[in-house]
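The values are calculated or read from the model by the stated rules, or taken from the named source; none is laboratory data. Predicted model, so just to flag it, every value in this text is computed and none were measured. Cβ: placed from backbone, ideal geometry, glycine included. Neighbour counts: every protein chain shown.
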Amino acid sequence: MSRVYNFSAGPAAVPVEVLERAKNEMLDWNGSGMSVMEMSHRGKEFVSIAEKAEADVRELMAIPDNYKVLFLQGGATTQFSMVPMNLLAGKNKACYVNTGAWSKKAIKEAKIHCDVTLSASSESDNFMSIPAINSWDIDQDAAYLHYTSNETIGGVEFQDVPDVGDLNLVSDMSSNILSREIDVSKFAVIYAGGQKNMGPSGIALTIVRDDLIGKAQVGSPSMMDYKNHADAGSMFNTPATYSWYLMGLVFEWIKENGGVAAIEARNVRKAQKLYAAIDASDFYANPVEVASRSRMNVPFTLANSELDAAFLSDAKDAGLVTLKGHRSVGGMRASIYNAMPEEGIDALISMMAEFERTKA
Ligand SMILES: *Cc1c(COP(=O)(O)O)cnc(C)c1O
């Protein structure tokens with residue numbers, strides 16, 4: 001069997017140690033005689049798996065006690081709706097920062113529920129930078145301010161948590177959660193789909209401050225109300241049990257690898273190496289402002305786009321797959337989440353150099 005280095009933006013690579021463990025436990029989890037996917041979510045075995053996953057992510061992110069951790073379905077996209085439905089709490093406006101494709105989707109969904117104040121946008125800059133915080137229009141009367149901490153498609157990332165004063169701060173961290181240390185206490189809500197940095201799709205992690213729960217818009221469907229999920233320990237309906245279990249294995253893997261600080265240091269090294277290789281070449285280019293570059297998603301173009309297909313084919317031959325850029329951006333994109341080992345970056349850099357040497 002030969003494993004490739006998978007640079008997919010999502011669903012994305014999962015640590016091989018996690019997959020090995022899931023394989024070993026597939027038919028008989030811990031002497032239960034059954035697979036985790038066959039277990040009742042109410043049984044003591046699955047409840048122990050669920051509780052351990054929550055305890056581990058609380059430890060990894062140092063989540064304060066006054067926050068609930070929810071394991072929800074419907075991906076990050078459902079959170080685009082749940083956030084306004086739960087946080088407006090009688091108000092009719094929310095602030096959004098537009099830094100790219102995922103911000104736009106969140107904004108579009110919020111507009112179904114309230115007026116949106118565009119606090120900042122980098123659209124005029126073709127989304128190549130994060131707008132400087134001192135230029136933001138922050139309306140303290142809004143219910144909250146929402147931003148996308150890492151734009152998976154454009155490859156731009158916030159390097160700091162924006163200071164919005166007393167306003168409730170909400171972040172879509174789908175593509176950089178657990179890749180860097182953050183202070184959860186600065187946030188009202190953090191949410192992220194599972195399939196970038198936490199394992200498989202089918203599950204989203206939502207971290208909500210206690211005082212914001214129980215204020216869902218009247219008439220909200222039960223599944224959209226954070227309170228129902230919080231009161232039921234994320235078992236208001238049948239949860240995505242197998243995805244929850246795998247997410248828990250990823251949390252254990254991060255702990256075994258030194259926690260978020262150690263993973264972050266490794267992510268910094270990985271990204272620096274790859275950007276340095278791109279910047280040192282006249283053949284490859286990354287258009288993003290240096291200070292706003294993502295550590296997780298690295299888009300790059302070839303000087304001659306007619307060589308794109310040949311590049312992808314050579315990459316595939318070298319065991320490097322899913323490097324094609326998003327259809328809206330073109331070129332290439334290397335997604336290098338927590339699960340991408342440093343060897344994968346080294347292999348990509350040497351393949352790029354060899355391609356440049358022979359084809360450029
Ligand atoms: C992938 C992604 C989403 C959408 O996630 P789904 O699980 O498909 O709903 C939202 N925001 C960001 C930043 C993403 O990368």
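A few remarks follow.
- The strands (runs of 3 or more DSSP E) found entirely in region 130-228 that carry 1 or more residues being in contact with a Phe, Trp or Tyr (Cβ under 7 Å, 6 or more places away or on another chain), within 16 Å of the ligand (Cβ to nearest atom) and touching a residue at least 60 places away in the same chain (Cβ under 8 Å) are 145-148, 169-172, 204-209.
- Among residues of region 320-346 being under 21 Å from S2 (Cβ atoms) and touching a strand residue (DSSP E or B) at 6+ places or on another chain (Cβ under 6 Å), the one that is surrounded by the fewest Cβ atoms within 10 Å (Cβ to Cβ) is V321.
- Taking region 99-129 as the range and being under 18 Å from N86 (Cβ atoms) and assigned to a strand (DSSP E or B) as the test, the residues that pass are D115, V116.
- Screening region 113-129 for residues that are among the hydrophobic types (A, V, I, L, M, F, W, C) and away from the ligand (no atom under 16 Å from the Cβ) and picking the one that is surrounded by the most Cβ atoms within 10 Å (Cβ to Cβ) gives A120.
- Every residue from region 56-87 that is of a type in the set (G, A, S) and surrounded by fewer than 18 Cβ atoms within 10 Å (Cβ to Cβ): A62, G74
- Enumeration of residues in region 209-232 that are crowded, with 17+ Cβ neighbours inside 10 Å and closer than 23 Å to A62 by Cα: R209, L212, I213, Y226, K227, H229, A230
- Restricted to region 1-10, and to residues there that are in contact with a helix residue (DSSP H, G or I) (Cβ under 9 Å, 6 or more places away or on another chain) and outside any strand (DSSP E or B), the residue that is nearest to the ligand (Cβ to nearest atom) is F7.
- Test: F236 is surrounded by 17 or more Cβ atoms within 10 Å (Cβ to Cβ), in the same structural domain as S179 (by TED's automatic domain parsing) and either hydroxyl-bearing (S, T, Y) or part of a loop (DSSP other than H, G, I, E, B) (or both): yes
- If the condition is being buried (at least 19 other Cβ atoms within 10 Å of the Cβ), out of contact with any Asp or Glu (no Cβ under 6 Å at 6 or more places or on another chain) and not in a helix (DSSP H, G or I), then region 11-54 contributes A12, A13, V14, P15, W29.
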